[in-house]
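Reviewing the structure listed below.
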Amino acid sequence: MPPPVNRFDREFNFWTLFDATDWQSGEQGTGALMVSTRPSLLYNVLFGRLGEKAGIFVQALAAIAIFFGLIELIALFIGARLTRSMTKSVAELYKATESVNRGDLTHRIKVESKDQMAALEGSFNSMTASLARLMAEQKDKQRLENELAIAQEVQELLFPRDVTDLPTLEVHGVCKPARTVSGDYFDFIPLPDERMVLAVGDISGKGISAALLMATVHAFVRAYSLEPELALTPMMLAGAGAPSTELYYRDNGSRAEDLAPGRLMTTLNYQLFRSTPPAKYATMFLGCYDPATRSLIYSNGGHLPPMLISQDQSVIRLEASGTVVGLFDGVGYGESRVPMRPGDIFVAFSDGVTEPENEFGEFGEERLIELVQLHRDQPLPRICEVVTTAVADWIGGAEQPDDVTLVLARAR
């Protein structure tokens, strides 16, 4: 072993296997060979025969080594940058998720690059913005639902409850809104001398706007029913520009302090026309039951004709006395009178009862008449329950299209 050329020229050992053959017997075998050498010896073996060209090969190898070394350094630099960028982005995302976890949806990540991590940061910002918007919408929805619940409670107070029947007349009504609040209206207003006002109406539209107009109509009808002399006040206050009362009222010989449905309907039209938007109106039926004559004096302002079903199965429809209320100015409404014999049933309803459809068509008035005639001896609340249940079954799983209102009165 020659001496080392420099301090890096250290001796190293390795072994290898080789095939061997016994020349006498011809048997094959495997032998092991241990080699001791130095790098300088290997160098001399590789380049010693090249002579002067050996330096060129050495330089080429050195250049290749330097080239790959630079590539390694560049790769190391790029890897470090990528690692730093990724860890920074992950740290920013972690901080952002912690902020969201604390309920802070206003936190945003500053996007400084255009790589996939930047796209992820942008998606996170978009997600938090959407969450903040959804939370705001949810709060608004919750507030609206609370307000609607309060409105529903208030509206339920407007419908008559615990109505005392008259000795000669029993009454009952029900309203099932299609939404939280209803645009349908009904009321029973007791008057002196055992008289009673029966009011049924349907406000145009649905939802809050219809419910507000329903409350307005409720207040007007109550005020003018309990104080019928006030029905002349709007025309008297209007001055010279007011239409003549002859246009508004039919001369039926009634006094100002007596309730006249036609006069009340005319005044209601006058008030609604001036206090509601042009597109808002109502259909209205107003009737006053008079026990002295056992009759119903009524005025119908464009409402679906209520029916008077007699015990002999005959049906009288109380047709309209004029157009809808609140849509046109200067409209007069007449009155009619119909007798109510013991056992006769007065049926008033909204279009939510007769107009629901399924694959067999509309529910229809004929089906309503059949149900009332079939159960006419039952208590009025039971008849209302039968009809509303039949309407719900007719609709089936579909959404209720309109408010369902049914008012019954039976003469005794």
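The table for this structure:
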quantity: Residues satisfying the stated conditions in segment 290-310, i.e. among the hydroxyl-bearing types (Ser, Thr, Tyr) and buried (at least 19 other Cβ atoms within 10 Å of the Cβ); calculated: Tyr298, Ser299
quantity: Flag for Ser123 being part of a loop (DSSP other than H, G, I, E, B) and out of contact with any Gly (no Cβ under 8 Å at 6 or more places or on another chain); calculated: no
quantity: Close pairs from segment 268-290: first touching a residue at least 24 places away in the same chain (Cβ under 8 Å) and more than 19 Å from Thr405 (Cβ to Cβ), partner assigned to a helix (DSSP H, G or I) and open to solvent by less than 30 Å² (accessible area, probe 1.4 Å), Cβ under 6 Å, at least 6 apart; calculated: Tyr270/Pro234; Cys288/Pro261
quantity: Inter-residue pairs, beta-carbon under 6 Å, first under 23 Å from Leu318 (Cβ atoms) and in segment 190-213, second open to solvent by 50 Å² or more (accessible area, probe 1.4 Å), 6+ apart; calculated: Met196/Pro190; Ser204/Tyr281
quantity: Qualifying positions in segment 312-328 - part of a loop (DSSP other than H, G, I, E, B) and either touching a residue at least 60 places away in the same chain (Cβ under 8 Å) or under 26 Å from Cys175 (Cα atoms) (or both); calculated: Gln313, Leu318, Glu319, Ala320, Ser321, Thr323, Val324, Gly326, Leu327
quantity: Any pair with Cβ under 8 angstrom, 6 or more apart, that starts in segment 57-81 at a residue that is within 21 Å of Val45 (Cα to Cα) and ends at one that is open to solvent by less than 100 Å² (accessible area, probe 1.4 Å) and assigned to a helix (DSSP H, G or I); calculated: Phe57/Phe47; Phe57/Leu50; Val58/Phe47
quantity: Top-ranked residue in segment 339-358 [being touching a Gly at 6+ places or on another chain (Cβ under 9 Å) and free of Cβ contacts under 8 Å to residues at least 60 places away in the same chain; ranked as surrounded by the fewest Cβ atoms within 10 Å (Cβ to Cβ)]; calculated: Asn358
quantity: Extreme residue, most open to solvent (accessible area, probe 1.4 Å), among residues of segment 359-381 that are over 22 Å from Ala411 (Cα atoms) and of a type in the set (A, V, I, L, M, F, W, C); calculated: Phe360
quantity: Within segment 382-412, considering residues that are among the acidic types (Asp, Glu), within 28 Å of Val163 (Cβ to Cβ) and open to solvent by 10 Å² or more (accessible area, probe 1.4 Å), the one nearest to the chain's Cα centre (by Cα); calculated: Asp402
quantity: Among (1) touching a helix residue (DSSP H, G or I) at 6+ places or on another chain (Cβ under 7 Å); (2) closer than 30 Å to Met117 by Cα, the one test that Gly79 misses; calculated: (1)
quantity: Considering residues of segment 16-49 that are within 30 Å of Ala60 (Cα to Cα) and at pLDDT 85 or above only, the residue most open to solvent (accessible area, probe 1.4 Å); calculated: Ser36
quantity: From the options Ser130, Ser85, residue that is in contact with a helix residue (DSSP H, G or I) (Cβ under 8 Å, 6 or more places away or on another chain), hydroxyl-bearing (Ser, Thr, Tyr) and part of a helix (DSSP H, G or I); calculated: Ser85
quantity: Segment 166-183: number of residues that are open to solvent by less than 60 Å² (accessible area, probe 1.4 Å) and closer than 20 Å to Met340 by Cα; calculated: 7
quantity: Subset of segment 57-76 that is open to solvent by less than 70 Å² (accessible area, probe 1.4 Å) and modelled with pLDDT under 90 - its residue that is nearest to Ser113 (Cα to Cα); calculated: Ala62
quantity: Members of segment 347-384 found to be part of a helix (DSSP H, G or I) and out of contact with any strand residue (DSSP E or B) (no Cβ under 8 Å at 6 or more places or on another chain), listed by number; calculated: Glu366, Arg367, Glu370, Leu371, Leu374, Arg382
quantity: Residue satisfying condition, being surrounded by 16 or more Cβ atoms within 10 Å (Cβ to Cβ), of a type outside the set (Asp, Glu), modelled with pLDDT of 85 or more and more than 14 Å from Met265 (Cβ to Cβ), within set Phe220, Phe186; calculated: Phe186
quantity: Residue identified as assigned to a helix (DSSP H, G or I) and free of Cβ contacts under 8 Å to residues at least 60 places away in the same chain among Leu17, Leu41; calculated: Leu41
quantity: Residue within segment 148-163 that is in contact (Cβ under 8 Å) with a residue 12 or more places away in the chain, of a type in the set (A, V, I, L, M, F, W, C), surrounded by 12 or more Cβ atoms within 10 Å (Cβ to Cβ) and in a loop (DSSP other than H, G, I, E, B) present; calculated: yes
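The values are calculated or read from the model by the stated rules, or taken from the named source; none is laboratory data. Just so we're clear, the structure is a prediction, and the values are computed from it rather than from any experiment. Glycine gets a Cβ as well: all are built from the backbone with ideal geometry, and neighbour counts include every protein chain shown. Heavy atoms of the whole protein, side chains included, go into the accessibility calculation; ligands, DNA and RNA do not. Shrake-Rupley method; radii C 1.70, N 1.55, O 1.52, S 1.80 Å.
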